[in-house]
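Only the coordinates and a few stated rules stand behind these numbers; no lab work does. The model shown is predicted, which means the values in this text are computed figures rather than measured ones. In this analysis, Cβ positions are derived from the backbone assuming ideal geometry, glycine residues included, and neighbour counts consider all displayed protein chains.
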């Protein structure tokens, strides 16, 4: 095993855990990544040394907490290439971020007859808010379909995105197909037609470098728990001008400038969108995660390592008789998210069989039911790789799939 990967794995104590008397092989990283010790220690340090609310007290602990909280906002700004820290809003996760946009920008700007364009590969988090908004406003929800390679059909996108389009909402990377979508090209198409683009970056950030200005994204959302950070913390990037024009999402403490008996005025961004006591621990942990990504395992190393694993395992999966891999068959066109079905074995049964060998994968519809319906299936299995996974673990997955196929085949005679 590469020494760098050994060094990185040592930061994740859970990888030494035994599951069903087997060493854990954790391949559900698209759902949640594991958290390194350095992030846990940073959160513990907050609790032990300066636990206090932010933006409120003038006492020492409150000032320390606020300083570190706002420093993380600046870290995130630099991490994703935003122009200003005012463009960074802390949320409870990617889902919360996407709902915020629909409930504020969408509510204000969508009218009857307008088009909202999404891709057929969207996670429900980047579909249901737009469905609901379209129904409420009498707008049209249109889908960009897949091409023959199970990638986004850009010709269809050019037909669907027109002068009637007001919002284009698309995932940067599919959580089922693993394919990387051409966000900049879609953004330029949206802007050419006077629309804004909303990007779900949950499966992109932490896998390769993301620069929101280079992508020309108007809004970009991601979650901490998918990039080695804590649960319950997310980020919404939005262009400052757009955020200034949007109404608040939730009302309460710290998002106001002034309140009287008859009305209120709002604080400037980003505070306007951060009502109440935020997830301070989550923000502190997110800052430690960014440090980890920058200093301990650089993002380019993550990208290179995942690509190496995909190039190693994908041909071997494709060679298993009866196994269907979804998404691009070219390993250079995807990240380490691989969904598949094996013969007539239900994915839940397959996942259970693999779990008996300590191999943790995901099974189900992956919160992307319209996509799976398009693929002609109801459910699928999914293995998703990260920086701490190895070729040895990939081999265990391959062996486990062959064992499961042999185990179940007598039941289908």
Gaussian network model of the chain, Cα springs within a sub-10 Å range: biggest mean-square fluctuation belongs to which of 382, 73, 56?
56
Kindly state, to the nearest 0.05, the FRET efficiency for residue 329 paired with residue 277, given R0 = 51 Å and r defined as their beta-carbon distance.
0.60
Measure out, as a whole number of angstrom, how far apart the alpha-carbon centroids of the stretch 84-119 and the stretch 1-35 sit.
35
If you restrict to DSSP beta bridges whose two residues both lie in the chain, what percentage is antiparallel, to the nearest 5?
60
So if we plug the beta-carbon distance of residue 140 and residue 67 into 1/(1 + (r/R0)^6) with R0 = 41 Å, what FRET efficiency do we get, rounded to 0.05?
0.30
Using 18 Å as the cut-off for backbone N distance, which residues of the stretch 1-23 belong to the label zone defined by a point 7 Å from the Cα of residue 45 along Cα→Cβ?
11-12
Virtual paramagnetic centre 7 Å along Cα→Cβ of residue 343, amide N under 17 Å, in the stretch 351-367:
351-355
Candidates 281, 11, 360, ranked by Gaussian network fluctuation over the chain, Cα under 10 Å, top entry:
11
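For 362, 68, 250, what ranking results if the residue with the fewest other Cβ atoms within 10 Å of its Cβ goes first?
250, 68, 362
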With the crude spin-label approximation of a point 7 Å out along Cα→Cβ, what separation in nm comes out for residue 391 versus residue 262?
7.5
The stretch 134-150 and the stretch 164-190: distance between their alpha carbon centers, rounded to Å
12
Which label in (1) 20.0, 61; (2) 22.1, 75; (3) 28.6, 101 gives the computed Rg and Dmax of the Cα atoms in Å:
(2)
Full-extension gain in nm, residue 244 to residue 304, via 0.36 nm per residue minus C-alpha separation:
17.8 nm
Looking at the chain as a GNM with Cα springs under 10 Å, which of 312, 388, 69 has the largest mean-square fluctuation?
312
So, in nm, how far is label residue 316 from label residue 111 when the simple model puts each one 7 Å beyond its Cα toward the Cβ?
5.8
Taking neighbour Cβ counts within 10 Å as the exposure measure, how do 32, 390 sort from fewest upward?
32, 390
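Note the full-extension length gain between residue 17 and residue 211 as 0.36 nm times their separation in residues minus their Cα-Cα distance, in nm to one decimal.
66.3 nm
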Sequence of 7, 334 once ranked by neighbouring C-beta atoms within 10 Å, starting from the fewest:
7, 334
